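The values are calculated or read from the model by the stated rules, or taken from the named source; none is laboratory data. Owing to the predicted nature of the structure, the values given are computational and were not obtained by experimental measurement. Heads up, the Cβs are rebuilt from the backbone with ideal geometry, glycines too, and the neighbour counts pull from every protein chain shown. These accessible areas exclude ligands, DNA and RNA; they are computed on the full protein's heavy atoms, side chains included. Shrake-Rupley method; radii C 1.70, N 1.55, O 1.52, S 1.80 Å.
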Amino acid sequence: MTSVAPVILLAAEKESAEVTDWAARVGWVVGLGLFVALVYWLMREGWKWRGTLQGDLPELPGAPDDPGAAKLVLSGRYHGSTTAGQWLDRIVAHGLGTRSRVELTLTDAGLDVVRPGAADFFVPVAALREARLDKGIAGKVLTEGGLLVVTWAHGDKLIDSGFRSDHAAEHNAWVETLNDMINKTETEGAR
């Protein structure tokens with residue numbers, strides 16, 4: 001039979017080696033910190049550059065003084081806006097790329113988007129083009145139908161804006177009501 005004592009003595013003698021080259025260790029830590037700072041700075045500059053490229057986008061319209069009675073109200077999250085039909089082409093100009101909480105109010109005048117901590121905007125009913133349920137928009141992918149996407153015209157550009165209600169069951173009512181309003185507006189405009 002072998003004795004357990006020599007194994008215990010060998011295990012007790014094994015220790016981590018002491019750090020002998022502190023300068024190299026500190027150099028690596030400082031280098032890694034500078035690399036992380038550089039990557040963060042490059043991401044920030046890329047965001048600002050994208051905003052500059054989208055500088056031709058007009059200022060966002062504000063809500064009218066008397067928009068009328070609310071047809072629907074939604075509380076949830078604003079996930080961003082993209083070029084219509086291109087769910088990865090995020091629009092960052094005028095704060096449209098900033099995620100935030102949102103309070104949506106649909107009236108006869110249009111869609112009022114109130115975002116605490118970000119720029120509010122208003123989409124007149126004549127600018128609304130389509131509402132649909134989707135699964136993703138730049139930077140956010142959900143289950144099928146988990147995102148309310150509203151397509152609207154701003155200047156000469158079509159924009160998709162993505163919203164998620166705190167109560168996802170509300171999405172269907174929003175899609176139906178928005179599309180009915182859009183169809184009614186197009187019919188009246190054709191006369």
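Quick look at the numbers
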quantity: Thr20 accessible area, assembled protein chains, probe 1.4 Å, Å²; calculated: 130
quantity: Accessible-area order (highest first, 1.4 angstrom probe) of the listed residues His154, His167; calculated: His167, His154
quantity: Shape of the range 57-184, Cα gyration tensor, a/c cut at 1.5; calculated: rounded
quantity: All lysines inside 27 Å of Lys71 as judged from Cα atoms, apart from same-chain residues fewer than 8 positions distant; calculated: Lys135, Lys157, Lys184
quantity: Counted charge near Leu147, where neighbours are those whose Cβ lies closer than 11 Å (Asp, Glu -1; Lys, Arg +1); calculated: +2
quantity: Fluctuation leader among Leu34, Leu142, Leu128 - the chain, Gaussian network, Cα springs under 10 angstrom; calculated: Leu34
quantity: Fraction of accessible area attributable to carbon and sulfur, the chain (%, probe 1.4 Å); calculated: 59
quantity: Long-range HN-HN contacts of Phe121 with modeled amide H, under 5 Å; calculated: Val113, Arg115
quantity: Solvent exposure ordering (accessible area, 1.4 Å, most first) of Lys135, Lys184; calculated: Lys184, Lys135
quantity: Charge-dipole axis of the chain as Lys and Arg at +1 and Asp and Glu at -1 on Cβ define it, positive-most pick from Val123, Ser81, Met43; calculated: Met43
quantity: Unit charges on C-beta of K, R, D, E only; dipole of the chain, Debye; calculated: 360
quantity: Straight-distance crosslink candidates among aspartates and glutamates, where the alpha carbon sits under 14 Å from Lys140 and sequence neighbours closer than 8 are dropped; calculated: Asp89, Asp160
quantity: Helix axis angle, 171-190 relative to the chain longest principal axis, alpha carbon, degrees; calculated: 40
quantity: 1.4 Å probe accessible area per residue over the chain, in Å²; calculated: 63
